[in-house]
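Bear in mind that the values in this text are calculations on the coordinates, not laboratory data. What you see is a predicted model, and the numbers here were worked out from it, not measured in a lab. Positions of Cβ are generated from backbone atoms using ideal geometry, with glycine treated the same way; all protein chains shown enter the neighbour counts.
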Amino acid sequence: MAETLLKVERLSVNYGAIKAVRSVDFHVNRGEIVTLIGANGAGKSTILRTISGLEKVVAGNISLNNLVLNHMSSERRVRSGIVQVPEGRRVFPGMTVQENLQLGAYTISRKSQNKTAYESVYEQFPILKDRRNQDAATLSGGEQQMLAIGRALMAQPKMILLDEPSMGLAPLYIQKIFDIIQKIRDTGVTVLVIEQNANQALKIADRGYVLEGGRIIATGTGDALLASNDVREAYLGG
Ligand code: ATP
């Protein structure tokens, strides 16, 4: 039986009078890659930001492993095992690669655990190890995205939330980032990813949800959504 890790029930989120997310239900099982796709303004980022604690739940429920997150601080959510990689790969440009990674480990107190986290991130991203003493500003866009993902993994999460990881990257790096997402899952970390690049995201996803106007209008396996005429016409360029 699949074990539900993240459960979102009847979630609604507003910005003043704007109803950005309207009674949304979805879940992510342990070990899955799940993607939320949809046009600009569909509510994808808002859902991710609400799961991380950056926006307020107006109604509904978010739980991780049966632990209700609704009113928890962002830091406690990270400690509970869920970490977001922000959109636009926000790394600290004037700090070295290693210093950026260290910031991701702020919830880890044990030295031995910290060492394991570095080893694991450097093993997954050898380029970051090579560049560990360079300022993050000197990395390419794709390398900065790897650093942002590596920083999230430093907290040794159960689950990571990725906000448009392929945005603005050169084609070569886009493929690389999707390969990396699969590798992360293979190490046992569950993944929720939102993407404009629906085609690529559905190819690597176990399941997906299609959002429109703050509501989920379709769901299925990645393959089924890729094969659906409605989804193809609306989101995959026909
Ligand atoms: P995009 O890919 O363009 O970010 P999205 O699917 O992630 O799209 P959201 O960013 O979640 O969509 O936006 C959902 C709705 O909420 C949109 O109508 C958007 O204009 C509105 N919205 C988002 N952020 C804010 C904000 N800070 N204040 C007011 N309205 C907002």
For the chain, modelled as a Gaussian network with Cα springs under 10 Å, which listed residue fluctuates most, LYS111, LYS44, LYS56?
LYS111
Residue farthest toward the positive end of the dipole of the chain, with Cβ of Lys/Arg at +1 and Asp/Glu at -1: which of GLN145, GLY31, LEU101?
LEU101
In terms of Cα to Cα distance under 22 Å, which lysines are near enough to LYS56, apart from those fewer than 8 places away along the same chain?
LYS7, LYS19, LYS44
In nm, what is the difference between 0.36 nm times the number of residues separating GLU212 and GLN196 and their Cα-Cα distance?
4.5 nm
Charges only on Cβ, +1 for Lys and Arg, -1 for Asp and Glu: so what's the dipole of the chain about the Cα centre, in debye to the nearest 20?
660
Under a straight-distance cross-link criterion of Cα-Cα below 19 Å, which aspartates and glutamates are reachable from LYS111, leaving out those fewer than 8 residues away in the same chain?
GLU99, GLU119, GLU123
Where does the Debye-calculated log10 I(q)/I(0) of segment 1-118 sit at q = 0.12, 0.15, 0.16, 0.18 Å⁻¹, using only Cα point scatterers of equal weight, no solvent?
-0.53, -0.80, -0.89, -1.06
Rounded to one decimal in nm, the spacing of the 7 Å Cα→Cβ label points at VAL58 and ALA2 is 2.9
How big is segment 47-176 on each of its three principal axes, counting only the C-alpha atoms and giving the largest first in Å?
44, 36, 25
At 1.306 mPa s and 10 °C, plugging the Kirkwood radius over alpha-carbon pairs of the chain into Stokes-Einstein gives what diffusion coefficient in µm²/s?
88
Ranked by GNM mean-square fluctuation in the chain (Cα springs under 10 Å), the top entry among ARG131, ARG90, ARG110 is ARG110
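For the chain, what relative contact order do you get, as a whole percent, if you take Cα pairs closer than 8 Å and at least 6 residues apart?
In percent, rounded to a whole number, it is 27.
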